[in-house]
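K.L.:
One structure coming up, written as structure tokens, with questions to follow.
The values are calculated or read from the model by the stated rules, or taken from the named source; none is laboratory data. Keep in mind that this is a model prediction, so the values were computed, not measured. In this analysis, Cβ positions are derived from the backbone assuming ideal geometry, glycine residues included, and neighbour counts consider all displayed protein chains.
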Amino acid sequence: MQVGAQTYTIREYTQTESGFRDAMRQLAQIGYRTVQLSAVGQIAPQTMREICDENGLTIVLTHTDPERMLVNPEDVIADHDVLGCRLIGIGSMPPRYRTAEGVRRFAADFMVPAKMMRDAGKRLVYHHHNFEWERINSEQNMLDVLLEDFAQDLMGITLDTYWVQAAGADVCDTITRLAERLDCVHLKDMAVKGFEQRMAAVGEGNLPFGKILKLLQRLGTTRYLLVEQDNCYGENPFDCLSRSYSNLKKEGYA
């Protein structure tokens with residue numbers, strides 16, 4: 001498993017070409033060798049690829065505008081060819097689909113681009129939050145519907161350790177259930193301050209990462225461990241990514 005950085009963590013630094021270049025340099029200096037591109041500014045795919053190549057960074061996953069996937073999936077696939085990236089990610093389900101009826105429409109709408117991606121040697125990958133565990137009937141939640149409607153070769157899942165915990169689900173049980181879909185896992189810790197749940201650098205919260213990482217290693221289906229921290233609570237996000245990397249390195253995963 002390769003440890004990478006999710007650029008959503010440093011999104012305020014990646015909105016221009018010069019900012020993106022400096023941010024990739026800093027990630028490489030920390031020790032990261034793979035990245036997920038998310039919330040990046042309007043920078044040409046070829047330019048991003050060249051900058052990442054210059055810094056020894058491989059682009060392994062994106063978060064791509066889901067509306068663009070529906071309207072112009074061919075261009076989305078072509079951009080990922082330029083990036084050298086097989087995994088095309090949806091960062092979140094658009095709000096109009098987040099109902100019992102809507103989640104079925106999501107599956108119907110995204111089936112065509114999912115099949116086109118598969119046929120082009122790519123894989124559509126869905127990143128969840130906690131709302132996918134909302135029950136839509138006595139038997140199923142939204143995640144159940146996604147898994148039922150999309151075959152494994154049509155949709156992978158980027159499991160996010162923080163959001164599974166926030167949903168009240170068991171992280172290790174969920175990993176086991178989704179193992180064949182988990183090309184990538186977002187490593188994000190959960191700490192508490194009073195009654196507030198907080199995102200934290202990996203190893204600085206309360207999630208059992210020793211257990212989680214050993215399970216992922218044993219299952220052997222995950223290729224990329226992507227560190228993400230949406231909110232750094234005023235800290236420099238590069239410092240947070242650096243501490244996460246150091247803690248993973250101490251455990252032998254970086």
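K.L.:
Look through segment 131-164, keep the residues that are without any contact (Cβ under 8 Å) to a residue 40 or more places away in the chain and of a type in the set (A, V, I, L, M), and return whichever of them is surrounded by the most Cβ atoms within 10 Å (Cβ to Cβ).
P.N.:
Per the stated criteria, the residue is V164.
K.L.:
Within segment 221-254, which residues are in a helix (DSSP H, G or I) and aromatic (F, W, Y)?
P.N.:
F238, Y245, listed by residue number.
K.L.:
Let me ask another. Could you check, for segment 182-191, whether at least one of its residues is assigned to a strand (DSSP E or B), of a type in the set (V, I, T) and modelled with pLDDT of 95 or more? Outline the logic, then answer.
P.N.:
Here is the first cut: in segment 182-191, the residues assigned to a strand (DSSP E or B) are 184-187, 189-191.
Still in the list and also of a type in the set (V, I, T): 185.
Add one more test, that the residue is modelled with pLDDT of 95 or more, and what stays is 185.
There is at least one residue in segment 182-191 that is assigned to a strand (DSSP E or B), of a type in the set (V, I, T) and modelled with pLDDT of 95 or more.
K.L.:
Continuing with the same structure: Pairs, please: C-beta under 7 Å, at least 6 apart or cross-chain, first residue farther than 17 Å from G19 by Cβ and in segment 30-53, second loosely packed, with under 13 Cβ neighbours inside 10 Å?
P.N.:
Every condition considered, the pairs that remain are R33/G56.
K.L.:
Something else: Condition test on I59, is it under 23 Å from F150 (Cα atoms), among the β-branched types (V, I, T), touching a residue at least 24 places away in the same chain (Cβ under 8 Å) and outside any loop (DSSP other than H, G, I, E, B)?
P.N.:
Considered against the rule, which asks whether it is under 23 Å from F150 (Cα atoms), among the β-branched types (V, I, T), touching a residue at least 24 places away in the same chain (Cβ under 8 Å) and outside any loop (DSSP other than H, G, I, E, B), I59 comes out as no.
K.L.:
What are the residues in segment 58-78 that are surrounded by 18 or more Cβ atoms within 10 Å (Cβ to Cβ) and closer than 18 Å to Q15 by Cβ, if any? Explain how you work it out, then say what you get.
P.N.:
The initial filter retains those residues of segment 58-78 that are surrounded by 18 or more Cβ atoms within 10 Å (Cβ to Cβ), namely 59-64, 66, 69, 73, 76-77.
Residues satisfying the conditions are I59, T62, H63, T64.
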